[in-house]
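The values are calculated or read from the model by the stated rules, or taken from the named source; none is laboratory data. Only a predicted model underlies this, so the values are computations on that prediction, with no experimental measurement involved. Every residue, glycine as well, gets a Cβ built from its backbone with ideal geometry; the counts of neighbours run over all protein chains shown. Quick note on the areas: whole protein, heavy atoms, side chains included, nothing else; ligands and nucleic acids left out. Shrake-Rupley method; radii C 1.70, N 1.55, O 1.52, S 1.80 Å.
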Amino acid sequence: MAEFTLELNDDQKQVRDWLHGFAEDVMRPAAAEWDEREETPWPIIQEAAKIGIYSLDFYAQQFFDPTGLGIPMAMEELFWGDAGIALSIVGTGLAAVGVLANGTEEQIGTWIPQMYGDVDDVKVAAFCSSEPDAGSDVASMRTRAVYDEAKDEWVLNGTKTWATNGGIANVHVVVAVVDPEIGSKGHASFIVPPNTPGLSQGQKFQKHGIRASHTAEVVLENVRIPGHCLLGGKEKLDERLARAREKAKAGGGERVKNAAMATFEASRPAVGAMAVGTARAAYEVALDYAKTREQFGRPIIDNQGIAFQLADMRTQIDAARLLVWRASWMATTGKPFTSAEGSMSKLYASEVAKKVTGQAIQILGGNGFTREYPVERMHRDAAIYTIFEGTSEVQRLVIARTLSGMPIR
């Protein structure tokens, strides 16, 4: 088991510097343009593919880093570059992780390469879980998957929302209800192959921030997919459903639900790392500005009102990173989140990103309010961190329930 450390090893430093160079030289110069266009930055994704950043191999290497710091380090550097472009680059990973977590070896080998495409023809994938009436409340999911035994096909109907790459993806991973009687344990994940009839893009959202990342509804109307597109296979699903039904009859439903929540806990530090990257970027802009901007004959950083703000900003960013690294290390080394450390890291880092980017605008004054400087875009981007992967309110609920052992509502 890897010991917890705050010091990156030489290999990690090399990867960090490599990612930082790409973020600085390729992503940042293009950030304002793609934010204005509100379109997927295909040329930037292709550049990332050419050097190996946009690939399953790269993310697998970071995921299996025994220290647990590979993924948060990578997320921080890419989102330091630009949150919208970064989400376009890493968004496919959400679908890939869904297949890795639930799929057979054959499914992993078949579908994940199709998610990324190749250097000359890059593709993206979409993970479709949220619905108009089922975001944090996954038990309210309505998208249904019904098995047609005669044809060995699954028929999917419903509407998904807030899907990164939804509708433009080569491969969609869709979570659907197969047994509504047992709540979230009655859900299963399905691969919808390219060009499957019945799948279409619904509304494309015009967002406040992360505008270079495509977000849309995905509409499923009698979408028929082969039986082998059920992730994990039907035999495994039937066994899982049978166990869940028995536990529900025995009154173990709440315990099962808590076990499922633990899975989400492990993924939240990565979002916290994204938030740290955005916060750090805004802080650095504000610090440089405060050193060079003069008022009343001296740099504005000479004033305590500015200097103390910057001191607080840096302290909060470092504290957020420490929480993220701790939770990432715990998840990798199998240590239980006895105090909801995953949610803690995501909650604090998200709130810090919103606060720090807002302070950066204030330090820049009128310039911070214009698009001539990047902090207004960073502030818009930061708003998403307190919303997706569980809102800040949901994180507080998870933490409070974990600490108290009570069904707080």
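The residues in segment 29-54 that are open to solvent by 70 Å² or more (accessible area, probe 1.4 Å) and within 20 Å of the chain's Cα centre (by Cα) can be counted, and the count is 2. Looking only at segment 205-231, which residues are within 26 Å of I89 (Cβ to Cβ), out of contact with any helix residue (DSSP H, G or I) (no Cβ under 9 Å at 6 or more places or on another chain) and exposed (fewer than 15 other Cβ atoms within 10 Å of the Cβ)? Residue satisfying the conditions is Q206 alone. If you filter segment 333-356 down to residues that are of a type outside the set (A, V, I, L, M, F, W, C) and touching a Ser or Thr at 6+ places or on another chain (Cβ under 7 Å), you find that the one that is surrounded by the fewest Cβ atoms within 10 Å (Cβ to Cβ) is S339.
Among the charged types (D, E, K, R), under 29 Å from T161 (Cα atoms), touching a residue at least 60 places away in the same chain (Cβ under 8 Å) and open to solvent by 40 Å² or more (accessible area, probe 1.4 Å): does that describe E393? In short, no. For segment 100-123, a residue qualifies if it is part of a helix (DSSP H, G or I), open to solvent by 50 Å² or more (accessible area, probe 1.4 Å) and among the β-branched types (V, I, T), and exactly one does: T110. Those residues that are under 10 Å from I363 (Cβ atoms) and open to solvent by less than 80 Å² (accessible area, probe 1.4 Å), I need them from segment 275-306; list them, please. Across segment 275-306, the qualifying residues are A282, Y283, V285, A286, L287, Y289, A290, I300, I301, G305, I306. Restricting segment 145-174 to residues that are in contact (Cβ under 8 Å) with a residue 60 or more places away in the chain, within 21 Å of the chain's Cα centre (by Cα) and in a strand (DSSP E or B) leaves a set whose member that is nearest to K123 (Cα to Cα) is V171. All of (1) open to solvent by 10 Å² or more (accessible area, probe 1.4 Å); (2) over 29 Å from P374 (Cβ atoms) hold for F127 with one exception: (2).
Kindly establish whether G68 is surrounded by 15 or more Cβ atoms within 10 Å (Cβ to Cβ), over 23 Å from T164 (Cα atoms) and among the small types (G, A, S). Even if it seems obvious, please write down each step before you answer.
Working: surrounded by 15 or more Cβ atoms within 10 Å (Cβ to Cβ): yes; over 23 Å from T164 (Cα atoms): yes; among the small types (G, A, S): yes.
In short, yes.
When V97, V138 are checked against the criterion of being closer than 23 Å to A248 by Cβ, within 20 Å of the chain's Cα centre (by Cα) and aliphatic (A, V, I, L, M), V138 stands alone in meeting it.
Listed conditions (1) in a helix (DSSP H, G or I); (2) open to solvent by 30 Å² or more (accessible area, probe 1.4 Å); (3) in contact with a helix residue (DSSP H, G or I) (Cβ under 7 Å, 6 or more places away or on another chain) are all met by T402, apart from (3). When segment 279-294 is filtered for residues that are of a type outside the set (S, T, Y) and either touching a Cys at 6+ places or on another chain (Cβ under 6 Å) or modelled with pLDDT of 95 or more (or both), the ones remaining, listed by number, are A279, R280, A281, A282, E284, V285, A286, L287, D288, A290, K291, R293.
Within segment 48-89, how many residues turn out to be touching a residue at least 24 places away in the same chain (Cβ under 8 Å) and either assigned to a helix (DSSP H, G or I) or over 29 Å from G342 (Cα atoms) (or both)?
So the first thing to find is which residues in segment 48-89 are touching a residue at least 24 places away in the same chain (Cβ under 8 Å), and the list is 48-51, 53-56, 59, 62, 65-89.
Subsequent filtering for residues that are either assigned to a helix (DSSP H, G or I) or over 29 Å from G342 (Cα atoms) (or both) retains 48-51, 56, 59, 62, 70-81, 83-89.
So the answer is 26.
Each row is one residue, and each column tells you yes or no for (1) over 24 Å from the mean Cα position of the chain (by Cα); (2) modelled with pLDDT of 95 or more.
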site	(1), (2)
N195	yes, yes
L199	no, yes
Q203	no, yes
H228	yes, yes
L231	no, yes
D238	yes, no
A248	yes, no
G252	yes, no
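Report whether or not Q14 is in contact with a strand residue (DSSP E or B) (Cβ under 9 Å, 6 or more places away or on another chain), open to solvent by 30 Å² or more (accessible area, probe 1.4 Å) and modelled with pLDDT of 95 or more. Taking the combined requirement at face value, the residue does not satisfy it.
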